[in-house]
Amino acid sequence: MKKFLTSALAIAMMAVMSLAASAIDFTASSALNNDIVVDGEKDLAYVSAAIPVNAEAPAEAAVGECYAAWDDDYLYLYLEVTDAAVEDAAAVTGIWSDDCAEFYINLSGTEGNITDINAAQYTYGPSFPAFAGGGLHRENNMADCLSAYMYTDNGYNVEIAIAWGDEYAPAEGEAFPFVVGINDEADGDPSTREYQIFTGGSAQSNAWQVADAVWDSLKLSAGEYIEPEPETVAEVVE
């Protein structure tokens, strides 16, 4: 019996280690020298590598690529979603049952329920008049956040700016737990959600409630000055 218990404990520990090891490290580039306008279009300051939101996604599910940037005031997140059938705004009956994106941050440095620590779920999507979600950070800072969406030929774009708030000072080299998810209504019934896709897979499906070791990580890196393209002046023909 003792040998069996020891083996079971070892297996359990390996499972926990496997979950922790599944976390992925992503990067947000500094936008201190570049302006970002939150309008649903991709700005030049989004120079960090794309963050894929496609883990464990079946072929028919909506997937996306997210780009992250930061400055002294905001974390900027721009998500391009590929979705074959975006739910019409007039048909939306439930926030999490329809097409939208979920962004999770944990600025507390600790694990725990997101309602108790400086963490949050920010949910936003096409036709959303305001953020949904939860968590202490959202409760304290949602009024200062910015958002926009845009329909595209392949789905939709979502862009948000999350205010850091008074309890966190961003700095180059800092990192914090982070997750991006996509909700996909795919069968024409807006009361149900067919797919929920995350950066790190189904182990992150409880991120709306608990910040834990399966969250990914976002590091604030140095940026670079992007020279804007010169404006062209139309030739006047008399």
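How are the C-alpha pair distances of the range 131-176 spread across 10 Å bins, as whole percents from the shortest bin up? Per 10 Å bin, starting at 0, the Cα pair percentages come out as 21, 40, 29, 10.
As a ratio to 2.2 N^0.38 Å, the alpha-carbon radius of gyration for the range 81-190 is 1.14.
Pairwise alpha-carbon distances in the range 30-137 exceed 18 Å for 59% of all pairs. Legend: calculated FRET efficiency, residue 189 to residue 25, from the Cβ-Cβ distance at R0 = 25 Å, rounded to 0.05, equals 0.10. Comparing 133, 97, 119 along the charge dipole axis of the range 86-138, the residue lying farthest to the positive side is 119, per the Cβ-charge model. Each 10 Å bin from zero up to the one holding the largest Cα-Cα distance in the range 33-73 carries the following percent of pairs: 24, 43, 24, 9.
Laboratory data are not the source of any read-out in this text; all were calculated from the coordinates shown. Predicted, not measured: the structure shown is a model, and the values here were computed from it. FYI the Cβ positions are ideal-geometry reconstructions off the backbone, even for glycines, and counts take in every protein chain you see.
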